[in-house]
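The values are calculated or read from the model by the stated rules, or taken from the named source; none is laboratory data. Quantities reported herein were computed from a predicted structural model and do not represent experimental measurements. A quick note on method: Cβ atoms are made from the backbone with ideal geometry, for glycine too, and the neighbour counts reach across all protein chains shown. Ligands, DNA and RNA are stripped out before the accessible areas are found, and what is left, the full protein with its side chains, is counted by its heavy atoms. Shrake-Rupley method; radii C 1.70, N 1.55, O 1.52, S 1.80 Å.
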Amino acid sequence: RSFASQTDGEARVSRVLREKFPRASAIKVVDISGGCGAMYEIHIESEEFREKRTVQQHQMVNQALSEEIKSMHGLRIFTSTPK
């Protein structure tokens with residue numbers, strides 16, 4: 001699927017993440033529920049994660065998406081720091 005055909009949900013989640021993680025070098029949001037917005041896979045690469053354990057990084061993402069998560073069934077989070 002091309003970037004231009006991003007679902008509304010993907011676009012909304014991406015927008016929130018860009019606001020909350022302004023230093024992110026890469027943000028990728030994929031609706032893995034077939035387009036209904038129930039489950040997402042998120043990949044974020046950000047300097048903000050440096051020196052933090054994985055669980056702390058995931059907590060930061062969960063906190064950033066606290067409102068959006070209320071309407072989701074599942075969320076897969078992958079975080080990393082720029083090499």
_Where the second residue is open to solvent by 50 Å² or more (accessible area, probe 1.4 Å) and hydroxyl-bearing (S, T, Y) and the first is more than 13 Å from S71 (Cα to Cα) and lies in the range 29-48, which pairs have Cβ atoms under 7 Å and are six or more apart or on separate chains?_
E45/S25; S46/S25
*For R12: the one exception among (1) out of contact with any His (no Cβ under 8 Å at 6 or more places or on another chain); (2) without any contact (Cβ under 8 Å) to a residue 40 or more places away in the chain*: (2)
_Being among the hydroxyl-bearing types (S, T, Y) and under 17 Å from T7 (Cα atoms): is that true of S71 here?_
yes
_Cross-chain or 6+ apart pairs with Cβ under 9 Å, the range 57-83 first and within 14 Å of E45 (Cα to Cα), then of a type in the set (D, E) and open to solvent by less than 50 Å² (accessible area, probe 1.4 Å)_ = Q57/E48; M60/E48; I77/E41; F78/E41; T81/E48
